[in-house]
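Remarks on the structure that follows.
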Amino acid sequence: MEYPIFEVFIRSKNGLEHRHVGSLHAADEEMALENARDVYTRRQEGVSIWVVESKHITASNPENAGELFEPAKDKVYRHPTFYELPIELKHI
Amino acid sequence: MSKEINLEEKFQARIDAGERIEPKDWMPAKYRKTHIRQISQHAHSEIVGMLPEGNWITRAPTLRRKVGLLAKVQDEAGHGLYLYSAAETLGISRDEMEIQLITGKAKYSSIFNYPTLSWADIGAIGWLVDGAAIINQVMLTRTSFGPYARAMVRICKEESFHQRQGYEIMLGLAQGTPEQKAMAQDALNRFWWPSLMMFGPKDEDSPNTEQSVKWKIKRKTNDELRQQFIDITIPQAEYLGLTVPDPELKWNEERGHYDFGEIDWDEFWQVVKGNGPCNKERIAARTKAREDGAWVRAAALAHAEKKEARKVEKKTAV
């Protein structure tokens, strides 16, 4: 039997978000944290680690990318440049 | 059938447009298979690669050399892990990969089937073997499969220290006593040709190259990478005052590259087939590690389950 897979997220320094850096196998969360420290922060790459067992992540399916993300494409009115204002106007 | 062709055309169009492929995307079965093979063999190379170098950790000549080598070997373990993780995104388990390695179904880089006879070999490996690996890996940071490319970026960042520590060892020996210099020359003599073989067979004998280039798994051919390595490395050898063991090696003004002698491809295929000096020893070491560690893994899992059960108990008690 294999150890379950965990996904690893690292905050590189305070003020920045945790970012996904990779995955690893571990028997439990505690071991996952210890292994993540050894594998992903050997050169001070982080100040904080999150681990989560991969099975707990729900991911969108690339096949549904169209219906999920395309509707945003034609909504240019969500961007500031859609609104036409005189150029002499400042600070807006 | 026509749907399959259509999907394959679309896939190729994405590759041609420079898009990266991610694990859950549709991909041709052969693309998946090729990646599983290549990434797992790359991972195995990192892991088996720890063995020849680990051989010298306890006998490093100074503490400075020892901490450097120890850190390098630790890195190789990490690199193996990044790569196994990338391969796992394609649906093969770590366990399956390990079994493929110890049963000989999966290969690893032949270079690690050569023994490390002297301390100078550690220098030669860092300089030449890691140097050759870097050339290949820098190319792979732009490979089409996302998880593989990301693993490569991480690895390349760490790898340049490996090559520098190797060259520094060579430099120390080359500038040392005549005996030390002779030791460095001997290591170069033994590792030069196997290092050139690391780039794989000549293009005309490498049937997979064309498809790999088309899918942007590789962006340069074996011969191109080999030439690049030679052109970079010869001036470094000259700086050391050492001689590359190739009487035919000569700068070709017209080509703007070094010409070099014929590689002994019989030796290459012999080592690939398992008849190198250390093939059996390497596999035996990996098998022993797997078997000796089995009870530890089982115990850790049992402990984790117990702990989990206790947590649930507590919760229900409240």
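Residue check: is A:Leu89 modelled with pLDDT under 95, more than 9 Å from chain B (Cβ to nearest Cβ) and either in contact with a helix residue (DSSP H, G or I) (Cβ under 6 Å, 6 or more places away or on another chain) or in a helix (DSSP H, G or I) (or both)?
Working: modelled with pLDDT under 95: yes; more than 9 Å from chain B (Cβ to nearest Cβ): yes; either in contact with a helix residue (DSSP H, G or I) (Cβ under 6 Å, 6 or more places away or on another chain) or in a helix (DSSP H, G or I) (or both): no.
So A:Leu89 does not fit the description; no.
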Search result, residues across the range A:39-67 that are farther than 18 Å from B:Ala86 by Cβ and free of Cβ contacts under 8 Å to residues at least 12 places away in the same chain: A:Arg42, A:Arg43, A:Gln44, A:His56, A:Thr58, A:Ser60, A:Asn61, A:Glu63, A:Asn64, A:Ala65, A:Gly66, A:Glu67
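If you go through the range B:39-59 one residue at a time, how many are in a helix (DSSP H, G or I), farther than 18 Å from B:Ile99 by Cβ and out of contact with any Asp or Glu (no Cβ under 7 Å at 6 or more places or on another chain)?
If we filter the range B:39-59 for residues that are in a helix (DSSP H, G or I), which is where we start, we get B:39-48, B:50-54, B:57-59.
Restricting the remaining residues to those that are farther than 18 Å from B:Ile99 by Cβ gives B:50-54, B:57-59.
Filter once more, keeping what is out of contact with any Asp or Glu (no Cβ under 7 Å at 6 or more places or on another chain): B:51-54, B:57-59.
Residues meeting the conditions: 7.
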Condition check for A:Glu45: facing chain B (nearest Cβ under 10 Å) and in a loop (DSSP other than H, G, I, E, B): yes
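Just wondering, is there one or more residues in the range A:53-71 that are more than 10 Å from chain B (Cβ to nearest Cβ), under 26 Å from B:Cys156 (Cβ atoms) and at pLDDT 95 or above? Full working, then the answer.
Within the range A:53-71, the first condition is being more than 10 Å from chain B (Cβ to nearest Cβ), and the residues that meet it are A:53, A:55-58, A:64, A:66-71.
Okay, now just the ones that are also under 26 Å from B:Cys156 (Cβ atoms), so none.
No, that holds for no residue.
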Number of positions in the range B:77-101 that are more than 14 Å from chain A (Cβ to nearest Cβ) and surrounded by fewer than 19 Cβ atoms within 10 Å (Cβ to Cβ): 1
Residue count for the range B:179-213, restricted to those that are closer than 20 Å to B:His35 by Cβ and either small (Gly, Ala, Ser) or surrounded by fewer than 17 Cβ atoms within 10 Å (Cβ to Cβ) (or both): 8
Contacts under 9 angstrom Cβ, first residue in the range A:27-38 being within 11 Å of chain B (Cβ to nearest Cβ), partner of a type in the set (D, E, K, R) and outside any loop (DSSP other than H, G, I, E, B), 6 or more apart: A:Ala27/B:Arg297; A:Ala27/B:Glu305; A:Asp28/B:Glu305; A:Asp28/B:Lys307; A:Asp28/B:Glu308; A:Glu29/A:Glu53; A:Glu30/B:Lys307; A:Ala32/A:Glu53
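The values are calculated or read from the model by the stated rules, or taken from the named source; none is laboratory data. A quick note: this is a predicted structure, and the numbers were derived from the prediction, not measured. Please note: Cβ atoms are built from the backbone with ideal geometry, for glycine as well, and neighbour counts cover all protein chains shown.
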